[in-house]
């Protein structure tokens, strides 16, 4: 019979091993800063954690409820979204480099910009599943309109206000955002801090200045941001900056990344020349500020949230990353499959519809199989969000795989359409999407980064049953701490 140690003996062995290995681990383990810690510990672990543990629990998967839309949500998709899609001419919008004025009015009138805002503040208060379904449907017709709708409902002022804003901030901004009276953007990316967003060099110095005739405590901001979607048309800018208090001693002056809301126009702020990502029609541009003074009341959540901006962003990013770009990825796949399969059934060569040829049927089948698998993952993740989870790793998985599958689908579609696909014009239903596909690959975490740092890096640490606890043990110099429960100790 195998011999099993008692729980006391297991704890003693763990303690001895911990003391013996602690110096070696301490020497090789890099120091984890506060920004890295916030990113590493953000969100929750769900079914995806099973794979990193090496044991898939499909009963746990089956227990996750499927996405369900309310009657109001389904009616909005069937009526308002359908009406919007009928207004969208993909080629005309691309040529004009902007949405028509009547589309902007329609989006405001029917509160497309307030899908995530509670009804108490005039928003639609849609579920995550409904939000994703709306963006997917719009993106299947026109990507610029979908991006314009998705940004105010993704990571940005509205979501940060709902979760962290003061009552005064919520009461002022949320109704205006829901009505489209204010259009928001969120400025995070710096020319010198792209993938390493936590290293933003933008500075806010704590100071006192006269504000509305009264000496007021606030921040003097100097910043430069780029690639900010909706910046050229924004009337309120959400801003992430590094807060500094020069009145503190040298080692404690850095207060940490902080998030604030700034109305536009505002003294010292300028919106630069519009960017044109792949010459797309959606609004995108740089935002700069030189010695911009803002009172502490403009910090999201007030003065108590100074220095907490990075954790706020990391906690909210899981939702945006799980919905927006995956929705675009699903839409691009749907469009590619619809257009390519339709064309392959109509186009005849060598006396047969080209869909009868293996080299056409194979990529069509690949698009269909990819879409079935990836869209199922997207819907599952949206459902877990509606259950209150914040799946940071799962959101990265679906963002990566949906956008990569979209790129494959568009490429297959272009191959199938051949000469028709490379002649620009209103009858070419794929060329604009083909040009835009790299945008989705890059936004909200470039896929090359997402795969390495979030899926495998954060995933291996967060989802592993012991690694994160062992890191904490080394940081706390707690040699007695053992991550392995006694019940999991192997028999000898």
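Mind listing whichever residues of the stretch 181-211 are closer than 17 Å to residue 294 by Cα and either in contact with a helix residue (DSSP H, G or I) (Cβ under 6 Å, 6 or more places away or on another chain) or part of a loop (DSSP other than H, G, I, E, B) (or both)? Lay out the reasoning, then the answer.
Residues of the stretch 181-211 closer than 17 Å to residue 294 by Cα: 186-187, 202-211.
Scanning the stretch 181-211 gives a single hit, 202.
Out of all the residues in the stretch 384-401, is one or more within 22 Å of the chain's Cα centre (by Cα), closer than 20 Å to residue 317 by Cβ, surrounded by fewer than 22 Cβ atoms within 10 Å (Cβ to Cβ) and modelled with pLDDT of 95 or more?
yes
Please state which one of 330, 340 is under 22 Å from residue 148 (Cβ atoms) and in contact with a helix residue (DSSP H, G or I) (Cβ under 6 Å, 6 or more places away or on another chain). Explain how you work it out, then say what you get.
Values: 340 fails: under 22 Å from residue 148 (Cβ atoms).
Step by step, each of 330, 340 is checked, and only 330 is under 22 Å from residue 148 (Cβ atoms) and in contact with a helix residue (DSSP H, G or I) (Cβ under 6 Å, 6 or more places away or on another chain).
Filter the stretch 32-49 down to the residues that are in contact with a helix residue (DSSP H, G or I) (Cβ under 7 Å, 6 or more places away or on another chain), closer than 15 Å to residue 397 by Cα and not in a loop (DSSP other than H, G, I, E, B) and list them by number.
49
Under the condition of being under 24 Å from residue 456 (Cα atoms) and in contact (Cβ under 8 Å) with a residue 12 or more places away in the chain, which residue from the stretch 51-80 is surrounded by the most Cβ atoms within 10 Å (Cβ to Cβ)?
52
Select from the stretch 320-356 the residues that are touching a strand residue (DSSP E or B) at 6+ places or on another chain (Cβ under 9 Å) and in contact (Cβ under 8 Å) with a residue 12 or more places away in the chain and write down the one among them that is nearest to residue 132 (Cα to Cα). Let's see the steps before the verdict.
Of the stretch 320-356, the ones touching a strand residue (DSSP E or B) at 6+ places or on another chain (Cβ under 9 Å) are 322, 344-347, 354.
With in contact (Cβ under 8 Å) with a residue 12 or more places away in the chain added as a condition, the list becomes 322, 344, 354.
Numbers: 322: 9, 344: 30, 354: 34 Å.
Selected residue: 322.
Tell me yes or no: at least one residue of the stretch 103-114 is in a loop (DSSP other than H, G, I, E, B) and either out of contact with any strand residue (DSSP E or B) (no Cβ under 6 Å at 6 or more places or on another chain) or closer than 23 Å to residue 425 by Cα (or both).
Of the residues in the stretch 103-114, the ones in a loop (DSSP other than H, G, I, E, B) are 110-111.
When the remaining residues are screened for being either out of contact with any strand residue (DSSP E or B) (no Cβ under 6 Å at 6 or more places or on another chain) or closer than 23 Å to residue 425 by Cα (or both), the result is 110-111.
Yes: the stretch 103-114 contains one or more residues that are in a loop (DSSP other than H, G, I, E, B) and either out of contact with any strand residue (DSSP E or B) (no Cβ under 6 Å at 6 or more places or on another chain) or closer than 23 Å to residue 425 by Cα (or both).
Against the definition (buried (at least 16 other Cβ atoms within 10 Å of the Cβ), closer than 30 Å to residue 166 by Cα and at pLDDT 95 or above), how does residue 287 come out, yes or no?
On the way: buried (at least 16 other Cβ atoms within 10 Å of the Cβ): yes; closer than 30 Å to residue 166 by Cα: yes; at pLDDT 95 or above: yes.
Here the answer is yes, as residue 287 does meet what is asked.
When only residues in the stretch 349-371 that are loosely packed, with under 14 Cβ neighbours inside 10 Å and over 35 Å from the mean Cα position of the chain (by Cα) count, which is nearest to residue 331 (Cα to Cα)?
359
Among the residues of the stretch 189-204, which ones are crowded, with 17+ Cβ neighbours inside 10 Å and at pLDDT 95 or above?
Result: 202, 204.
The values are calculated or read from the model by the stated rules, or taken from the named source; none is laboratory data. All values reported here derive from a predicted model rather than from experimental measurement. In this analysis, Cβ positions are derived from the backbone assuming ideal geometry, glycine residues included, and neighbour counts consider all displayed protein chains.
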